[in-house]
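First comes the structure, then the notes that go with it.
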2 protein chains.
Amino acid sequence: MRAATIRDGEVVVAEHPDPQPGAGEVLVRVHAAGLNGADIHQRAGHYPAPPGSPPDIPGLELAGEVVARGPGAERFAEGDRVMAIVGGGGQAELATVHERQLMPIPADLGWTEAGGLPEVFTTAHDALFTQAGLRPGERLLVHGAAGGVGTAGVQLGAAAGAQVTASVRNERLRDDVAGLGATVIAPEGFAERGPFDVVLELVGAPNLADDLHALATSGRIVVIGIGGGAKADLNLGAMMGKRATVRASTLRPRPLEEKALTARAMERHVLPLFERGLLRVPVAATYPLDAVAEAYERFTSGGKLGKIVLELT
Amino acid sequence: MRAATIRDGEVVVAEHPDPQPGAGEVLVRVHAAGLNGADIHQRAGHYPAPPGSPPDIPGLELAGEVVARGPGAERFAEGDRVMAIVGGGGQAELATVHERQLMPIPADLGWTEAGGLPEVFTTAHDALFTQAGLRPGERLLVHGAAGGVGTAGVQLGAAAGAQVTASVRNERLRDDVAGLGATVIAPEGFAERGPFDVVLELVGAPNLADDLHALATSGRIVVIGIGGGAKADLNLGAMMGKRATVRASTLRPRPLEEKALTARAMERHVLPLFERGLLRVPVAATYPLDAVAEAYERFTSGGKLGKIVLELT
């Protein structure tokens, strides 16, 4: 099979042996696979794939059809349309995935959207509901709302009855984010736009003091992105006064059983919203596998709404 | 009535009009009232009493007997032995308390112990279980474990089946804390004694980086004391790697209904442990009301295990 392959800090296309599904695993012919920030870190050598994932094939999510099943794999049949988060190796013509990680693709959703769905919607759903316990009527602030996780977070918050405010740096993207269900603001001065019950922090340390300033009593800040910096100053006195929570989270290093729980949560609480037409996957651009280097360049260049997706067949 | 009274940064004894119970309130003849850190802050003018509490009478907790009831107060009868957290005014011969804040005193518990029980056990129980979700088998670290909240936290953790480690600065108090059910360590080097699932942080900012270093995956740090400092450095990248939670909390500013919830939690989950003899209130020293200034000096001088309690009758 052919796959996106990391060689000396570049992403190229290379031949690899076809993977074989082990016990409980399914072999998927990948049709589409989204790009994510972790791919960029891995390309730079900073974020190695976890044990059990191909070390040199990037890709944290995929959508495709089942073409074979390993011993004991029974949740899906050959030909089923499936999608999943994977530890790595998603940007390839074939990939093996444990069946407990797979989700069925909603009937009306195309391959491209499905290939860009799992990582950002699972990340946003886990952060907003499992970690932060977002409830209807609460006031949610999503930072970096034009990105993949941001657009998912805005939509999930709005669908759950929260009042969503979205900070978007790029002026040209603000109308698009507003169309997802948020009141859109510039990042500058967001601290005075609160109070917020939940803050979805995708930028990192530079925002943290202002996040706390803008937080309501008993509010929760969930940090799932630190591209803007990791070292934050935190005033514990202000935190006590607000009975505030700062929680940080990431999906990739979790063990299989915890990732499987997030897939079940997606099946119960998110995929039905896709089937009812309440959610969508904004796709900024698609690229064929042969143009994978261009796809990575586009991903890092910014100024886009939603996902960059590789189309493999 | 006579009461401890804050005058120009000193605590003296003064005469006040007898308080009258309002709707839903009970008049309590106070037998014992513990001292707490907030009293010291209030004496220094830094921590004014919340609205509805006497502005110049300190005291966040009390134990006594019901002597009168306001309109609609029905939970207790005249003569009942009761104890409570109050917003202020506890260190007085008489105090009014909303009946939803009152708890019955366990049968075998004396006035002195009951007067020093509500604040520290409610604080520790709320922090460990409501805020941090401590579960049996988890590893708990209690900082400042020789203090009032610390001794309560150690005992509650041990009674709940947690593995409790306690940091105690004063060497002379370490055996006493070990007797409450903990493995006792010096504060120095605690970061290497983990991993801990829950850290009860009673010291503040200087410990936070080491708390995070010593934290287990999915661990929770609950900050309820910042006497050592409020401004902490927090590495959000390390937090993400551990999926860590930092939560800060304080009881005093909560509205009546939330405080009443903590009293109900105490009645359900803590008072039965006292009745079974599994918990006790360590009392370092008692003082009559006329010696209230000495009681405050003793409270701030350190080197004690457990509570300083005023005995009013």
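Descriptive notes on the structure:
- Residues losing 30 Å² or more accessible surface upon assembly, segment A:222-238, compared with the chain by itself, 1.4 Å: A:ILE226, A:ALA230, A:ALA232, A:LEU234, A:ASN235, A:LEU236
- In Å², nearest 10: area of A:SER301 left accessible to a 1.4 Å probe: 80
- Sorted largest first, the principal axis extents computed over the alpha-carbon atoms of the protein assembly as shown equal 87, 49, 39 Å.
- Taking GluC sites (Glu not before Pro) as exposed when their DSSP state is a loop state and no more than 16 other Cβ atoms lie within 10 Å, the longest site-free interval of chain B runs over B:189-313.
- Under the Karplus curve 6.51 cos²θ - 1.76 cosθ + 1.60, θ = phi - 60°, whole-Hz ³J(HN,Hα) for segment A:187-192, x wherever Gly or Pro sits: x, 5, x, 4, 4, 8
- Diffusion constant of segment A:1-134 at 20 °C, which comes from Stokes-Einstein with the Kirkwood Cα-pair radius and 1.002 mPa s, µm²/s: 143
- The residues of segment B:175-260 have, on average, 37 Å² of accessible surface per residue, using a 1.4 Å probe with all protein chains present.
- Estimated dipole of segment A:185-313 in Debye, rounded to 20 [Cβ of Lys and Arg +1, of Asp and Glu -1, Cα centre]: 420
- Pseudo-label separations to other copies for B:ALA178 - Cα-to-Cβ vector, 7 Å, nm: 6.8
- Rg/Rh (Cα only; Kirkwood hydrodynamic radius) as it applies to segment B:222-313: 1.07
- Summarising the label geometry, the points placed 7 Å from Cα in the beta-carbon direction at A:VAL12 and B:VAL12 lie 8.8 nm from one another.
- Computed helical MRE - 222 nm, chain A, DSSP H runs ≥ 4 contributing -39500 (n - 2.57), nearest 500: -7000 deg cm²/dmol
- Of the whole protein surface, B:SER249 contributes about 0 Å² of accessible area at a 1.4 Å probe radius.
- 0 to 90° range, to nearest 10: angle between helix B:292-301 axis and chain B longest Cα axis: 0
- For B:ARG193, label point 7 Å along C-beta direction: distances to other copies, nm: 4.6
- Heavy-atom accessible surface of the protein assembly as shown: percent carbon and sulfur, 1.4 Å: 49
- Label positions at B:ARG169 and A:THR217, each projected 7 Å from the Cα along the C-beta direction, are separated by 3.2 nm.
- Relative to the longest principal axis of the Cα atoms of chain A, the long axis of helix A:148-159 lies at roughly 60 degrees.
- Seen against the Cα atoms of chain B and their longest principal axis, helix B:256-269 is set at about 70 degrees.
- Largest accessible area first, the residues A:TYR296, A:TYR47 order themselves as A:TYR47, A:TYR296 under a 1.4 Å probe with ligands, DNA and RNA left out.
- Paramagnetic reach from B:ALA107 (point 7 Å along Cα→Cβ, amide N under 13 Å) across segment B:238-276: B:275-276
- Cα-projected label distance for B:GLU297 with A:ASP80, points at 7 Å along beta-carbon direction, nm: 7.7
- FRET efficiency estimate (nearest 0.05) - Cβ-Cβ, A:ALA238 to B:ALA285, R0 41 angstrom: 0.75
- A Förster radius of 51 Å combined with the Cβ-Cβ distance from B:ALA159 to A:ARG29 puts the calculated FRET efficiency at roughly 0.35.
- Of all beta bridges that DSSP places with both ends in chain A, some 55 percent have antiparallel geometry.
- Cα Rg, Dmax (largest Cα-Cα span) when computed across chain A, Å: 19.1, 58
- Pairwise centroid distance, computed over Cα atoms, of segment B:112-130 with segment A:129-178, Å: 39
- Protein heavy-atom accessible area occluded, B/A pair - total, 1.4 Å probe, Å²: 2300
- With a 10 Å cut-off around each Cβ of A:247-255, the average count of Cβ atoms from other chains is 5.
The values are calculated or read from the model by the stated rules, or taken from the named source; none is laboratory data. The structure displayed is predicted, hence computed values, not measured ones. Positions of Cβ are generated from backbone atoms using ideal geometry, with glycine treated the same way; all protein chains shown enter the neighbour counts. Ligands, DNA and RNA are stripped out before the accessible areas are found, and what is left, the full protein with its side chains, is counted by its heavy atoms. Shrake-Rupley method; radii C 1.70, N 1.55, O 1.52, S 1.80 Å.
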